[in-house]
Amino acid sequence: MNAIAERAGAPLRVAVHGRRGVGRGTVARALARAGIGSGIQMVSPATAADLDVHVIAEVVKPEDRAAIGAARSSVLVVLNKADLTGCLSRDAGPVPTGGPIAAARTRCGHFSALVGVPVEPMIGLLAVAALDGLDDASWAALRALAAHPDGIASLEDSYDGFVTADLPVPAEVRMRVLAGLDLFGTALGIAAFRQHRTPEQVRALLRRVSGVDAVVDRVHAIGAEARYRRALDAVAELEALAVTDQSQSERIGEFLSHDDTVVARMAAALDVARAAGLDPEVAACDDPAAHLSRAARWQRYSRGPVSELHRACGADIARGSLRLWSRAVGGGGPG
């Protein structure tokens, strides 16, 4: 039973793929850092994964579509280098007002319709800088540039223009800052220090703007189906074990019918429902009528024209809701 439980509770395996030059290594590093302690395990692209993150930059190319279509796992596309979003392709769609991040979000909606899977914007460099931090020389350079009247203005021309501008920071240090933040992140850092923010506050700003947490949240949402399938597989294994090993039959039966197990299965099913865009109608724990209404709704859902997976989801949500209803009215239940 322990081995079955370990397999069911293993971290979500995530592999990062993408064309050369799109920053897939940076995205993988950022997700590995941001996903620490959240049940995500980054694996090699050559390893079987529960979810594939396919990284693109600026445009969707034919090889991207081919890779996404050939994926054997669920796929999330990450539009990396979101700060560079611009009019670069007929597939890109119109660029809205509101700056590069707003443009990237709009672009992601267009790309999602194009490739048929969710697309999230991200700035991998900013995510890594936020999560790992910068060296002391880079922080000092940002402060010095913030204090100089031409610190931000020098970024408006180009990468080379910033490096060669007459500024009180050595060119090699400016190049190091650009390597860690690029032009957009450097401008953010300078602007933040002009507002007298601390390095920790700047890191928080970089993390928020990078979009890495939204990507991690979407990974968890898409991974809900994989986690639920594991739970169903674990239940099937336990039921088979109960039949073949009579010494454990009673123990397994008690475990599978226990309140905590039933409610845990419901929670996993609710995650799948949310990821599919369905409203799970989460009721207050002390509202018997709401639990009963939800049980009836999801029982009907499970008997409708839905996939086998969603039929199981509906049944588990209905069963868990009835168990919670029983608790709320004081009837208790197994366990």
Item to complete: Go through region 16-55 and give me each residue that's within 23 Å of L232 (Cα to Cα) and among the charged types (D, E, K, R).
Response: D50, D52
Worksheet item: Is region 4-15 home to any residue that is part of a loop (DSSP other than H, G, I, E, B), farther than 24 Å from E237 by Cα and in contact (Cβ under 8 Å) with a residue 24 or more places away in the chain?
Response: no
Worksheet item: Does R311 satisfy the condition of being modelled with pLDDT of 95 or more, among the basic types (K, R) and not assigned by TED's automatic domain parsing to the domain that holds G116?
Response: yes
Practice prompt. Starting from residues that are of a type outside the set (A, V, I, L, M) and part of a helix (DSSP H, G or I), keep the ones in region 23-40 and report whichever is surrounded by the most Cβ atoms within 10 Å (Cβ to Cβ).
Written response: R24
Practice prompt. Can you give me the ranges of the helices (runs of 4 or more DSSP H) entirely in region 140-220 with at least 2 residues that are surrounded by 19 or more Cβ atoms within 10 Å (Cβ to Cβ)?
Written response: 171-194, 199-210
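Residues checked against (1) of a type in the set (D, E); (2) at pLDDT 95 or above; (3) at positive phi:
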residue: Y159; (1), (2), (3): no, no, no
residue: T164; (1), (2), (3): no, no, no
residue: F184; (1), (2), (3): no, no, no
residue: G189; (1), (2), (3): no, yes, no
residue: T198; (1), (2), (3): no, yes, no
residue: Q201; (1), (2), (3): no, yes, no
residue: L206; (1), (2), (3): no, yes, no
residue: G211; (1), (2), (3): no, yes, yes
residue: V215; (1), (2), (3): no, yes, no
Practice prompt. Out of the residues in region 57-79 that are touching a strand residue (DSSP E or B) at 6+ places or on another chain (Cβ under 6 Å) and in a strand (DSSP E or B), state the one that is surrounded by the most Cβ atoms within 10 Å (Cβ to Cβ).
Written response: V78
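The values are calculated or read from the model by the stated rules, or taken from the named source; none is laboratory data. Keep in mind that what you see is a predicted model, and the values were worked out from it rather than measured. Virtual Cβ from ideal backbone geometry, glycine too; neighbours counted across all protein chains shown.
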